[in-house]
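For reference, the structure is listed below as structure tokens.
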Amino acid sequence: MSYSEHISNPKTPQIEKAEKNQVKNFAGGYTFAVDNWTQLKRFLIIGSENGHYYASERKATIDNCDCLNSLLKENGKKVVDTIVEISHEGRAPRNKHALFALAYCSVYGDKETRTYANKRMPEVARFSTDLYRWVDSVVDLKHGKKSKGLQRALGRWYNFKSPYGLSRQICKYPSRAVDIQKWSHRDLIRIFRPGQSRKSLVFKTPSEKHNLLYRYAVHGTDEEKGLDIEQIEKFKNDDDLKYIFAHEKAKRSNKVSEIVKLVQEYDITRESIPNNLFTDKVWEALLPTMPMGALIRNLSSMSKVGLLKPLSESAKIVVAKLNDENLLQRARIHPMNIFLAKKIYDSGSGIRSNWDVSPQISEALEDAFYKSFRYVEPTGKNCYIGIDCSASMGFSCLHNESITSREAAAVVAMAIARKEKNHYIEGFTCNGGLGYFDKSNSFMSDLGITSKDSLDTVVRKMDRDDWGGTDCSLPMLHATKNKLDVDCFIILTDNETWAGKVHPHEALIEYRKKINKNAKLAVLAFESSGFSIADPDDNGMMDFSGIDSSIPILLSDFISGKI
């Protein structure tokens, strides 16, 4: 290149700033900083557990907490509302991130925000395991102190539940070891100390049945302080307390036939059943009323005992449930959790056992993956789906070593492609940072992925180890060079771009000048960092969290101009 060409046709390499408002990402390239609300949503959906390719868990978590601090000063109530919304809609694969963020609000928000966060806690901590995690975070953040706010929040969680609902929670999740320590209902009830004489409705025991349940949770079947077996026997015909009777009966049982009868008559769950009695007959009794999440998690266990044989009635029940889109949506089953369950189930082996894989169930899991996304009508626009295949995308995703960000991006791309029929899928990476036009070092690959491929096929096509650096300008450069008509570039990446001779937003601007002046850029992020290749000052570019279950709806609204 001649000296004059640097001036007459300037192209800023990604390791230099192209705009004043750009910041250096973890890889050393310059990108845009996402606004704090976008970063919060990323954290709530993706989290920062185990860190990522360029940053440790500690660094990633501190960055996200700095973001939370800024937002709490700006609008604490909106922060809490955002946490509740994403948790309630099941947009994240794990509720853990929302529980921590809400606990953070309960500790570090101003007085009004702390009160509001504690009041809405039961909407996020819907089950006992969630409650234990929230309490664990609050107590740890407060260095072991237990405040009145914590007591009130626990009072709302316990006292505002029906006796029957509370009895199931106490029996199903009596205790759990969380991140810092092990918690039990006994521990939490002793913290908020309910009583008939307390004036506040939050602390006052709402009924005698609640009082009996609190005694049972704290003292069990202790004859002096708790509920003795003779007293529990009287609950047999009480609709509110009968679950306690069935739970204690199951704990003391040594007969499969008795367990089956208790499941059928009292709908006891797996947690009430002794481990040595889990036979095919017991699983068969549990299956019809088994919650969707439990069903997906226990496919291997049911297969191991021979329950899910091809053409069996049990297999038909499983397939029917997995094909029920309404059931999937009501249960808030996240697509990526189904994908992970499918990978495990299809392997046919675990740490302690092997099982026969049913093709029908494997196929039903694949269908369930697509159905668990929230869909709208396709836009009919031309979509270029670019999958970042660089080395950093080979890091574990969802904090699970069995899936990489690259694989997660590929299966999400499939979900988009299934809805948007006018699509083109391409993988990209760049070795050595020499740019797209260096024939030996830039890599645009037709991955051979089509919307007809199975998820297994997609993962196999992404399974290679010769990927290189990150250059997110490549899809736009490729489309410009080949004169492709693109309405929206959909880039699935971790935003750690650094290896190109031109910035992605500049490549899009150049594409607009030469091919389609209205072309848009949607960036799907697969890490919860504060970076994006999308220019926040350009209304035709937008950043999204890559594993949000609402991605199809959000993308459709963006592409069609609704947002």
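Please treat every number below as a calculation from the coordinates, not as lab data. Computed from a prediction, not measured in an experiment: that's the story for all the values here. Cβ sites come from the backbone with ideal geometry, for glycine too, and all protein chains shown count toward neighbours.
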Exercise. If r is the Cβ-Cβ distance from Lys281 to Glu233 and R0 is 25 Å, what FRET efficiency results, to the nearest 0.05?
Worked result: 0.45
Exercise. Using 0.36 nm per residue, how much length does the chain from Lys381 to Arg193 gain when fully extended, once their Cα-Cα distance is taken away?
Worked result: 61.8 nm
Exercise. In the neighborhood of Lys41, defined by Cβ-to-Cβ distances under 14 Å, what is the net charge if each Lys or Arg adds +1 and each Asp or Glu adds -1?
Worked result: -4
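In percent, how large is the relative contact order of the chain, given Cα pairs closer than 8 Å and 6 or more residues apart?
After rounding, I find 16 percent.
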For this session: Taking 7 Å along the Cα-to-C-beta vector as the label spot, tell me the Lys261-Ser207 distance in nanometres, rounded to one decimal.
Result: 2.8
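So if R0 is 25 Å, what FRET efficiency would Ser147 and Ile62 give, r being the distance between their Cβ atoms, rounded to the nearest 0.05?
Calculated value: 0.55.
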Exercise. Nearest 0.05, what FRET efficiency do Trp37 and Gln181 give at R0 = 35 Å with Cβ-Cβ as r?
Worked result: 0.60
Seminar exercise, completed: Violations at 20 Å Cα threshold for listed pairs Lys142/Lys182; Lys41/Lys343; Lys514/Lys562; Lys209/Lys251 -> Lys41/Lys343; Lys514/Lys562; Lys209/Lys251
Seminar exercise, completed: The correct pair for the stretch 300-372, radius of gyration to one decimal and Dmax as a whole number, both in Å and from Cα atoms, is 11.9, 34
Exercise. Which label marks the calculated value of mean projected area of the Cα convex hull in nm², given the options (i) 28.0; (ii) 40.8; (iii) 29.6?
Worked result: (i)
Exercise. How far apart, in nm, are the 7 Å Cα→Cβ label points at Lys513 and Asn323?
Worked result: 5.5
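Treating the beta-carbon of each Lys and Arg as +1 and of each Asp and Glu as -1, no other charges, what is the dipole magnitude of the chain about its Cα centre, to the nearest 20 debye? Mind showing how you got there, number by number?
Details: 81 positive and 72 negative charges, 391 e Å.
Using Cβ point charges on Lys, Arg, Asp and Glu, the chain gives about 1880 debye.
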Exercise. Toward the positive end of the charge dipole of the chain, about the Cα centre and with charges on Cβ (Lys, Arg +1; Asp, Glu -1), which of Leu299, Gly540, Asn159 goes farthest?
Worked result: Asn159
Seminar exercise, completed: Expected unfolding gain across Ser362-Ser454 under the 0.36 nm per residue rule, minus the alpha-carbon gap, is 32.1 nm
For this session: Indicate, rounded to the nearest 5 percent, the antiparallel portion of the DSSP beta bridges found entirely in the chain.
Result: 40
Problem set entry | Which listed pairs, of Lys309/Lys342; Lys381/Lys483; Lys59/Lys146, have C-alpha distances above 21 Å, in listed order | Lys59/Lys146
Problem set entry | aspartates and glutamates whose Cα lies under 12 Å from that of Lys17, excluding same-chain neighbours fewer than 8 positions away | Glu506
Exercise. For the stretch 140-212, which chymotrypsin sites (Phe, Trp or Tyr not before Pro) are both in a DSSP coil and crowded by at most 14 other Cβ atoms within 10 Å?
Worked result: Phe160
Exercise. Of Lys481/Lys520; Lys461/Lys501; Lys172/Lys249; Lys234/Lys255; Lys119/Lys148, which ones are farther than 20 Å apart at the Cα?
Worked result: Lys461/Lys501; Lys234/Lys255
For this session: Quickly rank 25-38, 307-320 as a protection proxy: mean count of other C-beta atoms within 10 Å, highest first.
Result: 25-38, 307-320
Problem set entry | the stretch 450-548: trypsin sites (Lys or Arg not before Pro) falling in loop per DSSP and having at most 13 other Cβ within 10 Å | Lys452, Arg464, Lys483, Lys517
Seminar exercise, completed: Diffing the stretch 414-428: the Karplus 3J(HN,Hα) column from phi (6.51, -1.76, 1.60, θ = phi - 60°), in whole Hz with x for Gly and Pro, holds 5, 5, 5, 5, 5, 9, 8, 5, 8, 9, 9, 9, 9, x, 9
